[in-house]
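The values are calculated or read from the model by the stated rules, or taken from the named source; none is laboratory data. Source: prediction; values computed, not measured. When we count neighbours, we look across all protein chains shown, and the Cβ atoms used for this are built from the backbone with ideal geometry, even at glycine. Note: accessible area is taken over every heavy atom of the protein model, side chains too, but ligands, DNA and RNA are not part of it. Shrake-Rupley method; radii C 1.70, N 1.55, O 1.52, S 1.80 Å.
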Amino acid sequence: MIVKLNIVDMTDDGRGIGKTSDGLTVFLDSCLPGDTVKAKIIRRKKNYAEAELLEILSHSNDRIDNNCITPAECGGCDFMEYSYPAQLRLKEKKVKDLLSRISNLDIEIDDIKYSNMKYNYRNKSILHVKNKDIGYFSKNSHNPIDMVNCLINSRISVEIKKEISKLLNRYGIDNIDNILIRNSKNDEEIMVVFITKDKKLKNIDKIVDQLVSKFPNIKSIILNINKDRRRLLGKEDIVIYGRNYINDYIKDLKFKISPETFFQINPEVTEIMYDTVLKYADIKDNDIVYDIYSGIGTISLFLAQKAKKVYGIEVVKKSVDNAKENAKLNNIENVEFLMGKAEEILPKFTNEKADIIVIDPPRKGCERSVLDAIVKMAPRTVVYVSCNPATLARDLKIMTENNYSVERVQPLDMFSHTVHVENVVKLTRNNN
């Protein structure tokens, strides 16, 4: 069945949402809001359909020229052909719509904040290797597109990838599955991780020598041994050059970063986000603060500069180890990091004093038991940091049904040229 569609929105995974003349919702790839397209229905469900794009009949007024070399094949970006102001409007609309539909919140959100660095902002690249191709997976497949250039990865990581491609071909290495490249602010320190099933790579010493010779800011080269295809990183790291971490800064604080630990990928927007968290928290000198899903302690240490005491809760052991090291590195003593699942640890503190709780969960959002524990602890302020507005909206609905009100919602464009959007939300307890 051939249909004409007006594209009205985008899904969380970058698919266009179209409407037929009779109101049927249709999902399809390779189009943008404002496009009018001809498409072929390939799968019909009760309330929606999926389609294949045949032709763009008229282009959105917000379409722009795309400078990416492989836009159609690569699954890395969604919006390279969408003007930046239009991206921001769509992300604001997405947040507002989800809060209205899921949380039943009819509130104004703040204008989205962004950095001036809209390209080459990513300080972490995870590249897949197959045959001689190294890059991101192509759309809807596990075949990488060879990354000749990339407009969102840092320039230094693109150059390192090019050199690695040459060296792997030169020395005939074919048993690397993935490559992780991290760089600190201003490229002062760089980490390269080769992810492989094998503990030995032939000619790896020659590769190391030539990489470090060409890129002297490489401070860490690691073999990560991973025999489980379901995971990106294995549990065993073998340092083959330098050390097992790099250092980076957020404002005036210094952080150790290991291969498996989480660190925000957009340095400029990260600083904007942390300023927003501190503003919303409005910490007083005697406040007891909890940082749930605390990672390597980035938010915790900023909170600790103002609070009497901060407790961080994190499930990844290496992240907890890094967090404790980072506290020492920055001479911050009024913070304690606890290892374990938030849903198991936080309920043990429900009878303890908590003035402010900051939560920054993974994309799946908070476990219900975490939210229940927060409600019982009754902090005057909860600051919720989220990279998934759908699970954020779900969790805010629970909080607003349990004596909390949403005061501020600040969207942040952490992931330019993709559909993803970060948010910081301030909740306050009613009847303070």
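Packing, taken as the mean count of other beta carbons within 10 Å per residue, orders the peptides 386-394, 82-90 from highest to lowest as 386-394, 82-90. When each of the peptides 362-371, 167-176 is scored by how many other beta carbons lie within 10 Å of its residues on average, the order from highest to lowest is 362-371, 167-176. Can you flag which of Lys185/Lys219; Lys19/Lys46; Lys284/Lys324; Lys161/Lys318 are past 19 Å Cα-Cα? From Lys185/Lys219; Lys19/Lys46; Lys284/Lys324; Lys161/Lys318, over 19 Å: Lys284/Lys324; Lys161/Lys318. Peptides 123-132, 213-222 ordered by packing proxy, namely the average of other Cβ atoms within 10 Å per residue, highest first: 123-132, 213-222. With a Förster radius of 45 Å applied to the beta-carbon distance between Asp228 and Asn186, the computed FRET efficiency rounds to 0.80.
If R0 is taken as 60 Å, the Cβ-Cβ distance between Arg380 and Lys214 corresponds to a FRET efficiency of 0.65.
Multiplying the residue separation of Val8 and Ser405 by 0.36 nm and subtracting their alpha-carbon distance yields 139.8 nm.
Starting from the Cα gyration tensor of the chain, take the square roots of the eigenvalues, sort them a ≥ b ≥ c, and report rounded, prolate or oblate (rounded when a/c is under 1.5, otherwise prolate if a/b is larger than b/c, else oblate). Oblate is the answer for the chain, as a/c is 1.5 or above yet b/c matches or exceeds a/b.
By accessible area, using a 1.4 Å probe on protein heavy atoms only, the chain has 45% of its surface on carbon and sulfur.
Helical content alone sets the calculated 222 nm signal of the chain at -8000 deg cm²/dmol, taking -39,500 (n - 2.57) per DSSP H segment of four or more residues and averaging over every residue.
When the chain is treated as a GNM with alpha-carbon contacts under 10 Å, the residue of Gly234, Gly23, Gly312 showing the greatest mean-square fluctuation is Gly23. When the chain is treated as a Gaussian network with alpha carbon springs shorter than 10 Å, the biggest mean-square fluctuation among Asp12, Asp205, Asp321 belongs to Asp205. Full extension of the chain segment joining Asn351 with Glu163 gains 62.1 nm, where the gain is 0.36 nm per residue of separation less the Cα-Cα distance. Bridging of Lys162 to lysines at a Cα separation below 18 Å is possible for Lys124, Lys130, Lys132, Lys206, Lys214, once same-chain residues fewer than 8 apart are set aside. Antiparallel beta bridges, as assigned by DSSP with both residues in the chain, represent about 70 percent of the total such bridges.
When both the range 59-103 and the range 394-430 are represented by their alpha-carbon centers, they are found 20 Å apart. Spatial offset of the range 242-314 relative to the range 1-46 amounts to 41 Å, using the alpha carbon center of each. Note on Arg89 and Asn175: their simple-model spin labels are 5.5 nm apart, each label 7 Å out from Cα toward Cβ.
Shape of the range 244-312 from its Cα gyration tensor (a ≥ b ≥ c, root eigenvalues): rounded if a/c is under 1.5, otherwise prolate when a/b > b/c, or oblate? Note, shape of the range 244-312 comes out prolate. Within the range 9-70, DSSP assigns beta bridges of which about 80% are antiparallel (rounded to the nearest 5). With unit charges on the beta carbons (Lys and Arg positive, Asp and Glu negative) and the dipole taken about the Cα centre of the chain, which residue among Ser60, Asn423, Cys74 sits farthest to the positive side? Of the options given, the answer is Cys74.
When the Cα gyration tensor is reduced to axis lengths a ≥ b ≥ c, the ratio a/c is 1.5 or higher for the range 1-64, and with a/b above b/c it is classed as prolate. Compactness of the range 36-129 was expressed as the Cα radius of gyration divided by 2.2 N^0.38 Å, which yields 1.39. Computed with a 1.4 Å probe over protein heavy atoms only, the accessible surface of the range 1-107 comes to 55 Å² per residue.
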